[in-house]
């Protein structure tokens, strides 16, 4: 559905104005997730501007690369004078901004947040089509599949139960991207055993009682900058899950579904090797 | 009334005081035990006791000793210091509506702690947090008493308290906006609601020294409160240095409330309610009221913290929300009772 929408928008654009630009459309990305897709698939001169958070290394895997491009405010104001051929937005971006851009005759391509690896592949392919670089998209998908295979080879023999825990004890449910990463590599998300198949907050007591093989967190280290993080450093949790039983996957690798998931999976493989040693 | 009658009446009152205090103590002990027994993981009472003394499975041990025990200790200590602070402030100001939360002390302490969290100055489990909270609480109570003056009426105290808590709230919101931590708004919003959930012995170590010091200071002033009931001048002639007493009370309240807020966020209205529950049983002597008010505060917070774990809800109810929901109607009731003083006695 997503892909079809994007392809449709791309086709519409091609019909109206494609002939004018042989080098592919010049675009603006309004969302930190689409930024990263654009950065890995587009030619540098195709990128007119990136989202407000594009340079945030904490959210974006491609933050360093994003420094070479203008950063936009997030509103419609600075998009209009750039006169992009296409604007890539997320359905989570402000509706008023999207409507305003549309009203001014800009072509919007809307991306959702993917929940499964299949949807991620679809999005990479769709973005490749939009940017007129389908070959690059194909290569990225191949890279992702290779990383899945590597992680699978490491993990699938053991069927470890892994509980992904975030600040305040939030546990990602079965329909989350992180869960589909675990499943693809042959690990089990232990959230279901807590009755949190749809995701939700788990109490410290419940996690201690469940005793999954590993917990998956987004940060190592011993600093609690707020109480939400202090949850993960509670002595009761540290007793059963010291560093050697924590799989660490930085948020910037998992927060968006995109080409960075290949890196996320390789990191997962490395971490599994470390904690099962 | 003859001398014998008077002595008899005094003896009856004393007996009632002792039995009330003993009953209160028994209630606190009962609540302590229940607090150790209640949680998302069901453990039998036997398993809880076994785990508490180092027996049973290691999972049960960790749950009881590292998750529930610190929480219970904090509820006991923080409820106690809040009740004690309320009784001390009411004694100092000879005013039944005085309490830390109406004076903006917890809100100001929260601002101090939020400043440290939001600016990422220190780990939330470091002493920077209680110290900042204590300084802010001290500043707020000091400012309040300075603004309201020596013989301030209810209205002025409450208006000044309202102004100070609004100011602390606005300052907190401003600090949240200036923070670089992307989660800070949510974290602080949660934290301001007040909660004892998932605290550890690190938090106990953080708060307890300050709470104990604050309590010791407030309790040491008991006889001065009693002298003060005769009026400020009479107290002075009895050798009470009222200026020094004020400073002691402010320091004691700031240490206690600041230390408490630093680990639990703001928990309101226990300081207001506790002394009032005790007055019918103990009498109006502010010196005798201190310890029972502290135990009542402990019992109230323990009960509230047990309630938030028992009440079925999809996400956890914050204990500070519960104490306010019970405390505010009580406050309104007090205002209604004091209506005449409020209406006529604009000092």
>> From the list B:170, B:136, B:128, exactly one residue is away from every other protein chain (no Cβ under 14 Å), on the phi < 0 side of the Ramachandran plot and touching a residue at least 12 places away in the same chain (Cβ under 8 Å). Which is it?
In response: B:136
>> Just checking, does region B:107-123 include any residue being without any contact (Cβ under 8 Å) to a residue 60 or more places away in the chain, at the interface with another protein chain (Cβ under 10 Å from one of its Cβ atoms), farther than 18 Å from residue B:249 by Cβ and surrounded by fewer than 17 Cβ atoms within 10 Å (Cβ to Cβ)?
In response: yes
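Could you check region B:1-116 for helices (runs of 4 or more DSSP H) lying wholly inside it with 2 or more residues that are at pLDDT below 90 and out of contact with any helix residue (DSSP H, G or I) (no Cβ under 7 Å at 6 or more places or on another chain)? Before you say what the answer is, go through the steps one by one.
Working: elements: B:3-37, B:45-52, B:58-61, B:69-93.
Correct list: B:3-37.
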>> So residue A:110 passes all but one of these: (1) farther than 19 Å from residue A:264 by Cβ; (2) in a helix (DSSP H, G or I); (3) touching a residue at least 60 places away in the same chain (Cβ under 8 Å). Which condition number does it fail?
In response: (2)
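Could you tell me whether residue B:299 is over 30 Å from residue A:228 (Cα atoms) and modelled with pLDDT of 90 or more? Don't jump to the end; show me each part of the working.
Values: over 30 Å from residue A:228 (Cα atoms): no; modelled with pLDDT of 90 or more: yes.
Considered against the rule, which asks whether it is over 30 Å from residue A:228 (Cα atoms) and modelled with pLDDT of 90 or more, residue B:299 comes out as no.
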> Quick check: anything in region A:138-145 more than 18 Å from residue A:270 (Cα to Cα), within 18 Å of the chain's Cα centre (by Cα), in contact (Cβ under 8 Å) with a residue 12 or more places away in the chain and within 14 Å of chain B (Cβ to nearest Cβ)?
Replying inline: no
> From the list A:245, A:252, A:267, A:211, which residue is crowded, with 21+ Cβ neighbours inside 10 Å, within 17 Å of residue A:164 (Cα to Cα) and in the same structural domain as residue A:158 (by TED's automatic domain parsing)?
Replying inline: A:252
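Do you know which of the residues in region A:156-172 that are within 14 Å of another protein chain (Cβ to nearest Cβ) and within 20 Å of residue A:265 (Cβ to Cβ) is modelled with the highest pLDDT? Outline the logic, then answer.
So in region A:156-172, the residues within 14 Å of another protein chain (Cβ to nearest Cβ) come out as A:165-171.
Still in the running and within 20 Å of residue A:265 (Cβ to Cβ): A:165-166.
On the way: A:165: 94, A:166: 91.
Result: A:165.
Could you tell me which residue of region B:39-73 is farthest from the other protein chains (Cβ to nearest Cβ), considering only residues that are within 18 Å of residue A:208 (Cβ to Cβ) and surrounded by fewer than 17 Cβ atoms within 10 Å (Cβ to Cβ)?
Just the residues of region B:39-73 that are within 18 Å of residue A:208 (Cβ to Cβ), to begin with: B:39-44, B:47-48, B:50-52, B:54-72.
After this cut, where a residue has to be surrounded by fewer than 17 Cβ atoms within 10 Å (Cβ to Cβ) as well, the list is B:40, B:42, B:44, B:54-55, B:57-58.
Values: B:40: 4, B:42: 10, B:44: 14, B:54: 14, B:55: 17, B:57: 10, B:58: 8 Å.
Ranking the candidates gives B:55 first.
For region A:188-277, give me every one of the helices (runs of 4 or more DSSP H) that falls completely inside it and has 3 or more residues that are within 11 Å of chain B (Cβ to nearest Cβ) and touching a residue at least 60 places away in the same chain (Cβ under 8 Å). Break it down into steps so the answer makes sense when it comes.
On the way: elements: A:204-210, A:227-232, A:235-240, A:251-254, A:261-276.
The qualifying helices (runs of 4 or more DSSP H) are A:227-232.
The values are calculated or read from the model by the stated rules, or taken from the named source; none is laboratory data. Note that the structure is a prediction, hence the values are computed from the model and not measured. With ideal geometry, Cβ positions are generated from the backbone for all residues, glycine too; neighbour counts draw on all protein chains shown.
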